[in-house]
Every structure is written in structure tokens, then in C-alpha cells.
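Asks: Have a look at this one before I ask anything.
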Amino acid sequence: MLVMKYPARRRTDLRWRIAFENSAIGVTMADFTGRFFAANSAFLNILGYTESELYQLTVMDITYEEDRELNLGLIQELMEGKRQHFELEKRYCRKGGGLVWVRTNVALVPGMGGTASFWFAIVEDITPRKEAEEALQVAQAELARMSRLTTMGELAASIAHEVNQPLTAITNNSSACLRLLADHALSPDRLRRVLEEIVADSTRAGRVIARTRSFLKKGPTEKNKLDVNELILEVLALADRELSRNQVLLKCELTKTLPKVLGDRVQLQQVLLNLIINGIEAMTTVTTRPRILCVQSRISELGNVMVAVCDSGTGLGQDADRLFDPFFTTKANGMGMGLSISRSLIEGHGGRLWATPHSPHGAVFYFTLPAESRRDS
Ligand code: ADP
């Protein structure tokens, strides 16, 4: 039942009160200290409190710790008259434990005829939707990981070669030392030089493995401030051998003063690697002109980060509209998920991914990512 200590009860209030009481959506009121003084049964059901228990509490008491700062900031703006109302999706702590996701719509009702102003909130339980969204995110992350595994499978020969080279060098160096030792011909100077080479080679092999492992890691989306140029160089290191094996000339044109972006390192690496491998694959049949892959970073007209991956391959042809469709592939062993997953990863970062023909040959794939500083404003 909706209990109102104030404002004054008038006849029209009665009609409103009946409406609130029967509303399937939570309705509540709180004074300036945030203490509740009115709530309908839908609101009480969301939280599991009785009326008298609720009136001992304030809005912040039942707001989940991680959501308090944002909530307080909006309340502050409301109090300072910077906004008339606000909408916020946040978590409440239910009586006896457990969290519930709600969408709250809060307005400040000015005082009238001697009554104090108060906060008025409409509260909707959105837990099922949030749970479905989380499940979808987990499924998408798993799909993205599976596609990374496939890409890595394609790169397996390159990676094996990259690790094998330093290992062979280590074996050769160690065998040479053993031979010299047996002949009593190993000077300390020579031994030091060889050991230094062995350390450098094993560090190199270790780095390849670390890069591969971090790329394949399983984990939730993790957004950090990232330098896109750094990401590009890391991915080019992963694809380095694939480029040389396919006799592809790499051009890397990076804008130095690029703003940082807020993103998941592994996901963005995955997008770049997809585009680079696709570019290389689009050039395998090209024999009458140079195979050139150009990776550029720049600042877009809107001040965001823009990356272009351009090739001199076979081009997009008739299929330009279908490239981003799931399972669309023109390759014998293709899965057709790379571009569709890449697009959803970029859109998940608030950016865009698209393709255009490249003149006179090939294709360009562009993506943008919001600059981190612009997100704050
Ligand atoms: P897959 O590589 O497994 O086929 P993708 O989703 O990455 O899956 O690509 C889908 C299709 O888009 C490819 O099969 C190819 O026909 C086309 N495509 C992708 N990148 C390029 C490119 N750089 N040049 C020409 N066609 C491309």
C-alpha cells in the first residue's frame, strides 16, 4: 500500500494513490536526505522489504556499492537544477542478500504550500533482460575466442617456425660449446658470447609464446586505455612470417599523435589480425603486380581513431554487400565468421567497421574507435 506522510492529501491525490498502488511498476518517494517515505507494493516486492523496514533506509543504503558514485552525481545535478530528471540503470541490494537490476526514472518534485520538495522515482525490474544480455555477452565472447583459435590454427605453421628458429640456434650454440669444451678450446670470452646469444634466443621464443598465449586467453571483456599504434605493431609481429612467406610488402603508416582509445586489447588485436590475414589471403593469386599490404592509423574528421587495412588483392567484386554476413565465405576452408565477429567487436567498442574498393586494385577495410578523451565529454 502507498503510504504518504506528505504532501497534503487532496481529492485528486486519492485517484493518483489508487493508480500507484495498483501499478505493476515500482513507485517511491524520498526526502532530501534520500530517506524513503512512500512506496507502492511493486517497489516493496522488488526489494523484499516491508514498508516500515524500507522507511528506516535511504536510497544509498539499498544502492549497490559500485553504482553509488554515478547515482550520487546525478542526484547532485538534480539538486543543482542542472536537470529536471534522470534515468539510470543500476543495482539494488535486496533484503537478505542478492542483487536486482532496475531502471530508475527520478524527478525532483518542488515543494508547494508549505510542503518540502521530494524525489519521486519510477522503478522497473530489468533483471531478466540484464541476465539475458550477460548470457549473450558470454556466448559472443566464446564465439570470438573460437574464431581466434581458428585464426591461430591458420597461423600455426608460422608460429611453430618462429619458435623453432631460436630453438635451433640455441641447440647449435650449445652443441658447439660442448664440442669446444671437450677439446679444451672454450675460452671464457667465447663462452660468454655464446651464452648471451642463447639468452637472447630463448627470450625471443618466450616472447612469441607469450604473444600467442595472451591472444588466445579466455576471459571477459576488459576495457583499458590503449594505444592503437602499439596494438598494430603487436599484431604485425604475430603476422610477420605470414607476410614474408606470402611475399607481401608491408607499408605501415602510423600517425604519431593518436589519441588513446578505451578497449579490450585482445578483441581489437583479433579484429586487426582478421583484416590483415584476409588482406594477405586476397593477394595469394596475384602474380602480375606487387602484393602490398598497407596499415594506416589516423585521426578521423570527428577526432576519433581510424585504422585502414588496404591490400592490392582481388578486390570485393559482387560480394561487397555480403562480406559481413555470418558464414559468408568464398574460401575453400573459410568459416565466414571473421568479418561478422570483427564488426560486432568494433560496434561493441562504439565504433564502425566497413569496406570499400581500393583503386586500382584490392580492398580497404576501415574501422573507427571513439577517442578516450571524447568519451568523457
Ligand atoms: P573467411 O575469411 O573465413 O572467409 P571472413 O568473414 O573474414 O571469413 O571473410 C568473408 C569473405 O569476405 C571472404 O571469404 C572473402 O570473400 C571476403 N573478403 C574478406 N576480406 C577481403 C579482402 N581483403 N579482399 C577481398 N575479399 C575479402
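The values are calculated or read from the model by the stated rules, or taken from the named source; none is laboratory data. If you're wondering where the values come from, they're calculated on a predicted model, not measured in any experiment. Reconstructed Cβ throughout: ideal geometry from the backbone, glycine too, with neighbour counts over all protein chains shown.
Asks: Being modelled with pLDDT of 95 or more and loosely packed, with under 13 Cβ neighbours inside 10 Å is the filter here, so list the residues in segment 74-116 that pass it.
Replies: E87
Asks: Considering only residues that are in contact with a Pro (Cβ under 8 Å, 6 or more places away or on another chain) and of a type in the set (A, V, I, L, M), which ones fall in segment 267-316?
Replies: I299, V305, L316
Asks: Among the residues of segment 335-355, write down those that are of a type outside the set (K, R) and free of Cβ contacts under 8 Å to residues at least 40 places away in the same chain.
Replies: G336, S340, E347, G350, W354, A355, listed by residue number.
Asks: Further question: Could you please give the count of residues in segment 281-297 that are more than 10 Å from the ligand (Cβ to nearest atom) and within 14 Å of K251 (Cβ to Cβ)?
Replies: 7
Asks: Which numbered condition trips up S342, out of (1) assigned to a loop (DSSP other than H, G, I, E, B); (2) of a type in the set (S, T, Y); (3) within 17 Å of R148 (Cβ to Cβ)?
Replies: (1)
Asks: Within segment 1-40, can you find the residues that are among the charged types (D, E, K, R), exposed (fewer than 12 other Cβ atoms within 10 Å of the Cβ) and modelled with pLDDT of 80 or more?
Replies: Correct list: R15 only.
Asks: For segment 310-320, name all the residues that are free of Cβ contacts under 8 Å to residues at least 24 places away in the same chain and either within 29 Å of the chain's Cα centre (by Cα) or near the ligand (Cβ under 6 Å from one of its atoms) (or both).
Replies: Of the residues in segment 310-320, the ones free of Cβ contacts under 8 Å to residues at least 24 places away in the same chain are 317-319.
Of everything in segment 310-320, just one residue is free of Cβ contacts under 8 Å to residues at least 24 places away in the same chain and either within 29 Å of the chain's Cα centre (by Cα) or near the ligand (Cβ under 6 Å from one of its atoms) (or both), namely D319.
Asks: Restricting the search to segment 321-377, which residues are more than 8 Å from the ligand (Cβ to nearest atom), among the small types (G, A, S) and surrounded by 14 or more Cβ atoms within 10 Å (Cβ to Cβ)?
Replies: S344, G348, G350, G351, A371
Asks: Pick out the one residue from M60, M146, M152 that is of a type in the set (A, V, I, L, M) and surrounded by fewer than 14 Cβ atoms within 10 Å (Cβ to Cβ). Spell out how you get there, then give the answer.
Replies: Details: M60 fails: surrounded by fewer than 14 Cβ atoms within 10 Å (Cβ to Cβ); M152 fails: surrounded by fewer than 14 Cβ atoms within 10 Å (Cβ to Cβ).
Answer to the check: M146.
Asks: May I ask you to list pairs of residues, at least six apart or on different chains, whose Cβ atoms are under 8 Å apart, with the first in segment 203-226 being more than 17 Å from V138 (Cβ to Cβ) and at pLDDT below 80 and the second being part of a helix (DSSP H, G or I) and of a type in the set (S, T, N, Q)?
Replies: F215/Q269; F215/Q270
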